[in-house]
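**Q** One structure follows; several queries about it will come next.
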Amino acid sequence: MTERYDTIIIGAGSVGTPTAYFLAKTGEKVLVFDELSSSGQGQNKSAIGGVRATHSDPAKIQICLQSIDIFSNWKDKTGVDIGWKKGGYCFPVFRKKEEDILRSILPIQKKHGLRIDWIDSNNLKNIVPGINENDLIGGTFSPNDGQVNPLLASESFTNEAVKFGAEFRYKESITGLITKERKVGLTIKGVKTKKGEYKADAVVNTAGAHASYISKMAGLNIPVKPDSHEAGITAPVKPFLKPLVVDIRPGIEGRTANFYFGQNLENRIIFCYTPLKIFPGENRQVTSEFMPIMAKRMVDLIPRFKNLTIRRQWRGLYPMTPDGVAVVGKTSKVEGLYLGIGMCGQGFMMGPGVGLNLASLITKGKPLLKQKVFDLLSPDRDFYSGKKEALK
Ligand SMILES: Cc1cc2nc3c(=O)[nH]c(=O)nc-3n(C[C@H](O)[C@H](O)[C@H](O)COP(=O)(O)OP(=O)(O)OC[C@H]3O[C@@H](n4cnc5c(N)ncnc54)[C@H](O)[C@@H]3O)c2cc1C
């Protein structure tokens with residue numbers, strides 16, 4: 001017999017698990033599928049856990065402000081420690097070019113509610129102890145941003161969703177959608193797996209790197225293409241670094257567009273760079289070039305990093321869109337399908353805010369964000385308009 005739910009969620013990752021939690025909390029009968037063996041095992045666990053509302057796109061700023069509110073109050077609400085560390089985000093600046101970029105977006109960041117300011121080099125040296133002072137001009141600092149442990153977060157969202165009655169089915173891949181033809185377009189009525197058919201009034205695509213494959217099942221061509229990024233983590237050292245630090249200068253080695261790092265709640269330094277030339281596809285094997293390039297950049301910026309011991313290195317995927325902005329909401333072409341996809345390099349920090357808005361859209365017919373702001377993430381937008389987010 002076909003089972004029936006209010007909402008089915010495809011993907012128990014950075015976006016799917018908080019979406020399940022917020023929906024189940026409203027009393028919805030929720031079923032979540034993941035093809036992997038537990039929640040958070042897709043790209044969620046690749047994230048280094050940075051959570052910032054420091055963006056230049058208004059929708060991303062506001063969604064992430066909601067995420068920060070959820071992450072930072074999670075322990076008080078549920079009693080579960082997910083590793084929230086409020087240390088802020090700091091973007092140090094050494095050249096006029098980066099100063100101009102960061103100063104130019106301060107007005108829009110402030111207008112949309114982000115607490116952020118320009119700080120001079122003396123203040124910056126206090127916030128990032130040991131930073132190389134040569135040519136240091138100053139930078140931006142947003143004190144309310146922070147870090148969370150991604151696996152603890154997805155596990156906790158899952159457990160809390162289950163308390164509200166949500167069901168999770170693992171190792172069960174979505175192979176098709178149950179559809180009904182409309183005069184124009186389709187209505188989605190449920191999902192198919194190798195084990196059976198499951199009906200629902202709403203289906204949410206939160207399938208991360210495989211989101212385009214699911215969208216195509218509904219006849220939608222939404223460009224979400226994965227590319228791969230490497231990260232690493234050190235042995236713990238005495239706590240000294242509060243914020244996550246982002247150096248947006250391209251590296252002189254000609255391989256890196258920027259790099260970022262922080263010290264997590266376990267006192268390990270966790271780090272990542274954005275390659276100048278992207279690696280499209282799903283290759284997740286670590287490379288031998290990552291650590292030498294990364295080590296050089298880190299030691300140049302903070303010389304005392306030369307004493308760190310590297311513990312582990314990994315590679316994961318960014319589900320990218322052509323304009324670098326996520327795709328959230330519903331499309332006019334398909335009834336009953338909701339999207340929380342194309343999260344690029346910010347899906348972990350966006351996840352709770354996206355989940356909160358999707359739950360509101362599904363149960364109340366409108367998002368929590370102002371519609372005009374929410375529409376910046378619309379699946380019906382022109383992905384190739386040439387506009388790209390200044391701060392990726
Ligand atoms: C090195 C690195 C560092 C990063 N650091 C950060 C960071 O500091 N902060 C941040 O916000 N982001 C960061 N990210 C990006 C972040 O990891 C992703 O944007 C985010 O995890 C995407 O969330 P998602 O829910 O879309 O995908 P996922 O978390 O991958 O969830 C999608 C789920 O869908 C499942 N799925 C797919 N297809 C099917 C199917 N057919 N049937 C059933 N299940 C299916 C998958 O198994 C997966 O579990 C980083 C990424 C990398 C690689």
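**Q** Which values, in whole Å and largest first, are the semi-axes of the equivalent ellipsoid of the chain obtained as the square root of 5 times each eigenvalue of the Cα gyration tensor?
**A** Ellipsoid semi-axes (Å, largest first): 36, 21, 20.
**Q** Semi-axes, largest first, in whole Å: what does sqrt of 5 times each Cα gyration tensor eigenvalue give for the range 136-262?
**A** Square roots of five times the eigenvalues give 40, 22, 14 Å.
**Q** Just to confirm the number: angle between the C-alpha axis of helix 58-78 and the first principal axis of the chain, 0 to 90 degrees, nearest 10?
**A** That works out to roughly 90 degrees.
**Q** Residue separation times 0.36 nm, minus the C-alpha to C-alpha distance between residue 164 and residue 135: what's the value?
**A** Details: separation 29, 0.36 × 29 = 10.44 nm, distance 5.39 nm.
Using 0.36 nm per residue and subtracting the Cα-Cα distance, I get 5.0 nm.
**Q** With contacts defined as alpha carbon pairs under 8 Å and 6 or more residues apart, what's the relative contact order of the chain in percent?
**A** 23 percent
**Q** Within the range 318-355, list the residues whose amide N lies under 16 Å from a label point set 7 Å along Cα→Cβ of residue 366.
**A** In the range 318-355, the label zone of residue 366 (backbone N under 16 Å from the point 7 Å along Cα→Cβ) covers 330.
**Q** Can you list which of the GluC sites (Glu not before Pro) found in the range 43-140 are DSSP loop residues with at most 15 other C-beta atoms within 10 Å? Can you show the working numbers first?
**A** On the way: sites: 98, 99, 133; in loops: 133.
Filter output for the range 43-140: 133.
**Q** Now a separate question. What does the accessible area per residue of the chain come to in Å², with a 1.4 Å probe and no ligands, DNA or RNA counted?
**A** 44 Å²
**Q** A further question follows. Measure off, as a whole percent, the carbon and sulfur share of the 1.4 Å-probe accessible area of the chain, all protein chains present.
**A** On the way: 8710 of 17120 Å².
Here it works out to 51 percent.
**Q** For the range 271-376, what class follows from the C-alpha gyration tensor (a ≥ b ≥ c being the square roots of its eigenvalues): rounded when a/c is under 1.5, otherwise prolate if a/b is larger than b/c, else oblate?
**A** prolate
**Q** Enumerate the whole-percent occupancy of each 5 Å bin, from 0 to the last occupied one, for all C-alpha pair distances of the range 214-353.
**A** Whole-percent P(r) values from 0 Å outward: 2, 9, 16, 19, 17, 13, 9, 7, 5, 3, 1, 0.
**Q** How big is the gap, in Å, between the Cα center of the range 70-103 and the Cα center of the range 218-242?
**A** 15 Å
**Q** Still on this structure, please answer the following. The range 28-153: Rg/Rh from Cα coordinates, Kirkwood Rh? Don't skip to the answer; put the middle values down first.
**A** Numbers: Rg = 17.4 Å, Rh = 16.5 Å.
Answer for the range 28-153: 1.05.
**Q** Here's something else I'd like to know. Could you state the per residue volume, in Å³, of the convex hull enclosing the Cα atoms of the range 329-387? All intermediate terms of the calculation are to be shown ahead of the outcome.
**A** Details: hull volume 5.6 nm³, N = 59.
Here the figure is 94 Å³ per residue.
**Q** So, one more: May I ask which of 163/192; 330/370; 183/333; 111/372 have a Cα-Cα span longer than 18 Å here? Mind showing how you got there, number by number?
**A** On the way: 163/192 26 Å; 330/370 15 Å; 183/333 11 Å; 111/372 15 Å.
From the list (163/192; 330/370; 183/333; 111/372), the Cα-Cα distance tops 18 Å for 163/192.
**Q** Counting only DSSP beta bridges with both residues in the chain, tell me the antiparallel percent, nearest 5.
**A** 70 percent
**Q** So, one more: Taking 0.36 nm per residue of separation and subtracting the Cα-Cα distance, what length does fully extending residue 36 through residue 78 add?
**A** On the way: separation 42, 0.36 × 42 = 15.12 nm, distance 2.59 nm.
Extra length from residue 36 to residue 78 when fully extended: 12.5 nm.
**Q** Now for a separate question. Filter 97/306; 25/216; 45/225 down to the pairs with a C-alpha to C-alpha distance above 22 Å, please. Don't jump to the answer; show the numbers that get you there.
**A** Working: 97/306 28 Å; 25/216 30 Å; 45/225 19 Å.
Beyond 22 Å between Cα atoms: 97/306; 25/216.
**Q** Computed FRET efficiency, Cβ-Cβ of residue 307 and residue 199, R0 51 Å: what is it to the nearest 0.05?
**A** According to the calculation, E is roughly 0.30.
**Q** So how strong a dipole does the chain carry about its Cα centre when Lys and Arg Cβ are +1 and Asp and Glu Cβ are -1, to the nearest 20 debye? Provide the component values of the computation, followed by the final result.
**A** Numbers: 55 positive and 38 negative charges, 35 e Å.
So the dipole magnitude of the chain works out to roughly 160 debye.
The values are calculated or read from the model by the stated rules, or taken from the named source; none is laboratory data. Bear in mind that the values here come from a model prediction, so they are computed numbers and not experimental data. Note that each Cβ is placed from the backbone with ideal geometry, even for glycine, and that neighbours are counted across all protein chains shown. For the accessible areas, the whole protein counts, side chains as well, though only heavy atoms, and no ligand, DNA or RNA atoms are used. Shrake-Rupley method; radii C 1.70, N 1.55, O 1.52, S 1.80 Å.
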